[in-house]
Amino acid sequence: MLHEYKLPSLGDGVSGKVTEILVKTGDKVSLDQIVLVVGTDKVDAEMPIDAEGIVEEIFVKKGDEVTEGTLVMKIKTVAQ
């Protein structure tokens, strides 16, 4: 099953830029692992993943402007 990881809220109406992507396609990720860092005017926010599995596809790149709900990556999860 594929899980879409979308950017959680950075604050009310706050957007940011992707400063780091800490995983690549094919990497195994675990629940709450930090997979992305987003820089805003005030802080660099570490974004944890909300599922575990294998990274299938990444839709953002370093320097991209992102807001809440931006599709970041798809994770192939294992049904339990």
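The values are calculated or read from the model by the stated rules, or taken from the named source; none is laboratory data. Note that the structure is a prediction, hence the values are computed from the model and not measured. Note: ideal-geometry Cβ built from the backbone for every residue, glycine included; neighbour counts use all protein chains shown.
With respect to V43, determine if the residue is of a type in the set (V, I, T), exposed (fewer than 11 other Cβ atoms within 10 Å of the Cβ) and at pLDDT below 95. Considered against the rule, which asks whether it is of a type in the set (V, I, T), exposed (fewer than 11 other Cβ atoms within 10 Å of the Cβ) and at pLDDT below 95, V43 comes out as no.
The rows are residues; the columns are (1) touching a Pro at 6+ places or on another chain (Cβ under 7 Å); (2) of a type outside the set (A, V, I, L, M); (3) more than 13 Å from H3 (Cα to Cα).
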residue: L22; (1), (2), (3): no, no, yes
residue: Q33; (1), (2), (3): yes, yes, yes
residue: T40; (1), (2), (3): no, yes, yes
residue: I54; (1), (2), (3): no, no, no
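The residue list T25, T19, T70 contains one member that is among the β-branched types (V, I, T) and in contact with a Gly (Cβ under 8 Å, 6 or more places away or on another chain), which is T19. When K74, K61, K28, K24 are checked against the criterion of being basic (K, R), loosely packed, with under 15 Cβ neighbours inside 10 Å and in contact (Cβ under 8 Å) with a residue 40 or more places away in the chain, a single residue qualifies: K61.
Check segment 31-38 and report whether any residue there is charged (D, E, K, R) and either touching a helix residue (DSSP H, G or I) at 6+ places or on another chain (Cβ under 6 Å) or free of Cβ contacts under 8 Å to residues at least 40 places away in the same chain (or both). Yes, some residue in segment 31-38 is charged (D, E, K, R) and either touching a helix residue (DSSP H, G or I) at 6+ places or on another chain (Cβ under 6 Å) or free of Cβ contacts under 8 Å to residues at least 40 places away in the same chain (or both).
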